[in-house]
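Just below is one structure, and these are the notes that go with it.
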Amino acid sequence: MERILLIGSGGREHALTVALLHSPSCEKLWVAPGNPGIAREAECVALRLDDHTDLARWCEQQRVTLVVVGPEQPLCDGLADVLRQHDVDVFGPSKAASQLEGSKGFSKDLMQRLSIPTAPYRRFGMHEHAAATDYVLQHAVPVVIKYDGLAAGKGVVVAATHDEAQRAIDDMMRGMFGDDGVVIEGFLEGEEVSVFAICDGERFLLLAPAQDHKRAGDDDTGKNTGGMGAYAPAGIATAEVMERVSTSIVQPLLRGMTEMGTPFIGCLFCGLMVRDNHPSVVEFNVRFGDPETQAVLSVLDADVAALLASAARGALDPSTVRSTQRGSACNVVLASAGYPDQYEKGLPIAGIDRAEEDPQVTVFHAGTAMKNNQLVTNGGRVLGVTAIGETLDEAMRRSYAAVEKITYATKMFRTDIGKKAR
Ligand SMILES: Nc1ncnc2c1ncn2[C@@H]1O[C@H](COP(=O)(O)OP(=O)(O)O)[C@@H](O)[C@H]1O
Ligand SMILES: [Mg+2]
């Protein structure tokens, strides 16, 4: 039986909370810091996430058998390494392996060396402003400019013109996000899909493919966001595509990481562009994605606690999974008007209980807070309304029916999550 500490506070962690609590192998679950939705189901603890040694000691005292890390920052900061030094099992990669997300240049160099399909690219350091400018002016548009380090989802510009590309390089080389330099890469045509691989360093298991909706407005218009909704499984990732993800992407990557002495243990998020049944890697992340996780875990029929624990211990156990695709799930993000720019916080939220009267609906909390005993908005993405159904159509109908029952003054959402699938 597992005594689990889950790290994080968003919709992804709320979805993980529900999945872990439904696991026969879960004896006890703490979440640090959690959020008001998580607090209704599990014990939230106010641990300092930046003091890794203190966190490890707390785990020893509470006899924690498994730590599951939600967000990338603590992983890139080396939390998993410190926990392992204290003999605490962790589902999440080491600091060295987290470079797959922490440095886009690292990840591109590795993919090139391992012949993993990805867009052609070049890396430029902060001292190479002029060279980057020359390169981009000779490059066909659209062209993609990426800050090399972590940028909270704001460090990528898909430039349609040379002017736009030049501005992006100027901004990044001026240190807008830090001093990690830039990657300039070719534009990939196709449709995006996210595939999560649960990895134990050597073996892996692919979960249901999911499709996120990154733009703020319907029909993929407006600004880029952290994600406005997702559905799973995504039909664009056919069996042939999934086979290629296994053999041409995840397998060589895990082998390459092990050969470098930095085996990957955790959730490998493959951000893919699919064209004519061929996937190319847009990026890797080293943790579950948000909001896709809400949909992917909703169709996963497994003892998730046992699955993640087995991976953390280097002995992935596929028998913990009955099905990765039990029906379909649709997740609609309820955001705050103005997101991803300025938005108001602290507005009262009502109707979640009514929305959850449908037993197939779960409302995950992303950016909420309690103020004087009242649930209020506290972020750009507020809630994730997720429904399951035998078909995607059914899941979409249920989630949008539930969306109607939730009210707050700045409520904003896309009305077309899942429509791309048809
Ligand atoms: N080479 C590319 N071709 C086409 N679109 C891209 C390419 N690279 C990134 N994008 C678009 O930009 C988005 C963000 O890029 P990504 O590499 O995922 O960075 P991050 O998630 O760290 O912001 C992607 O989801 C995709 O829509
Ligand atoms: Mg991305």
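No lab work stands behind these numbers, since they all come straight from the coordinates. On a predicted model such as this, the values are computed, not experimentally measured, just so you know. As a convention, Cβ positions derive from the backbone with ideal geometry for all residues, glycine included, and neighbour counts pool all protein chains shown.
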- Assuming a ≥ b ≥ c are the square roots of the Cα gyration tensor eigenvalues, decide whether the stretch 170-244 counts as rounded (a/c under 1.5), prolate (otherwise, with a/b larger than b/c) or oblate. oblate
- Message: Going by amide H atoms built from the backbone, whose H comes under 5 Å of the H on residue 90, apart from near neighbours?
- Response: 67
- Query: Once amide H atoms are placed 1.01 Å from N in the peptide plane, what residues at a sequence separation of 5 or more from residue 368, or on another chain, have their amide H within under 5 Å of its amide H?
  - Reply: 378
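Could you order peptides 63-74, 361-372 by the average number of other Cβ atoms within 10 Å of their residues, highest first?
Result, highest mean Cβ count within 10 Å first: 63-74, 361-372.
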- Query: Most fluctuating residue of 190, 37, 11 in a GNM of the chain with Cα springs under 10 Å: which is it?
  - Reply: 190
- Message: With an 8 Å Cα cut-off and a minimum separation of 6 or more residues, compute the relative contact order for the chain in percent.
- Response: 17 percent
- Message: In whole Hz and in residue order, list the ³J(HN,Hα) couplings for the stretch 224-232 that follow from phi through the Karplus curve 6.51 cos²θ - 1.76 cosθ + 1.60, θ = phi - 60°; x for Gly and Pro.
- Response: 6, 10, x, x, 9, x, 7, 9, 8
- Query: Which of 408, 147, 135 moves most in a GNM of the chain, Cα contacts under 10 Å?
  - Reply: 135
- Across 115, 194, 25, the residue with the highest GNM fluctuation in the chain (Cα network, 10 Å cutoff) is 115
- Query: Charges only on Cβ, +1 for Lys and Arg, -1 for Asp and Glu: so what's the dipole of the stretch 191-421 about the Cα centre, in debye to the nearest 20?
  - Reply: 460 debye
- How large is the helix-only mean residue ellipticity at 222 nm for the chain, computed as the sum of -39500 (n - 2.57) over DSSP H runs with n ≥ 4, divided by its residue count, in deg cm²/dmol to the nearest 500? -8000 deg cm²/dmol
- Using Cα centres only, tell me the gap between the stretch 350-389 and the stretch 396-422 in whole Å. 13 Å
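Is there a quick way to get the dipole size of the chain? I mean about its Cα centre, with the Cβ of Lys and Arg at +1 and of Asp and Glu at -1; what is the value in debye to the nearest 20?
Roughly 340 debye, rounded to the nearest 20.
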- Query: Distance from the Cα centre of the stretch 258-325 to that of the stretch 67-83, in angstrom?
  - Reply: 16 Å
- Taking K and R as +1 and D and E as -1, what net charge do the other residues with C-beta under 14 Å from the C-beta of residue 82 add up to? -4
- Message: I need the shape label for the chain. Rule: rounded when a/c is under 1.5, else prolate if a/b > b/c, else oblate, with a, b, c from the alpha carbon gyration tensor.
- Response: rounded
- Message: Just to check I understand the Karplus step: with θ = phi - 60° and J = 6.51 cos²θ - 1.76 cosθ + 1.60, what whole-Hz values come out for the stretch 368-373, glycine and proline as x?
- Response: 10, 8, 9, 9, 6, 6
- Note on the structure: The size of the Cβ-based charge dipole (Lys, Arg +1; Asp, Glu -1) of the stretch 2-93 about the Cα centre, to the nearest 20 debye, is 240 debye
- Which order do peptides 387-397, 87-97 fall in by mean Cβ count within 10 Å, highest first? 87-97, 387-397
- Note on the structure: Length-normalised contact order of the stretch 92-246, Cα under 8 Å, at least 6 apart, in percent, tallies to 18 percent
- Note on the structure: The ³J(HN,Hα) series, computed from each phi in the stretch 3-8 with the Karplus coefficients 6.51, -1.76 and 1.60 at θ = phi - 60°, rounded to the nearest Hz and given as x for glycine or proline, is 10, 10, 10, 9, 9, x
- So who's got an amide H within less than 5 Å of the one on residue 201, skipping anything under 5 residues away but keeping other chains? H placed 1.01 Å off N, in plane. 264, 266
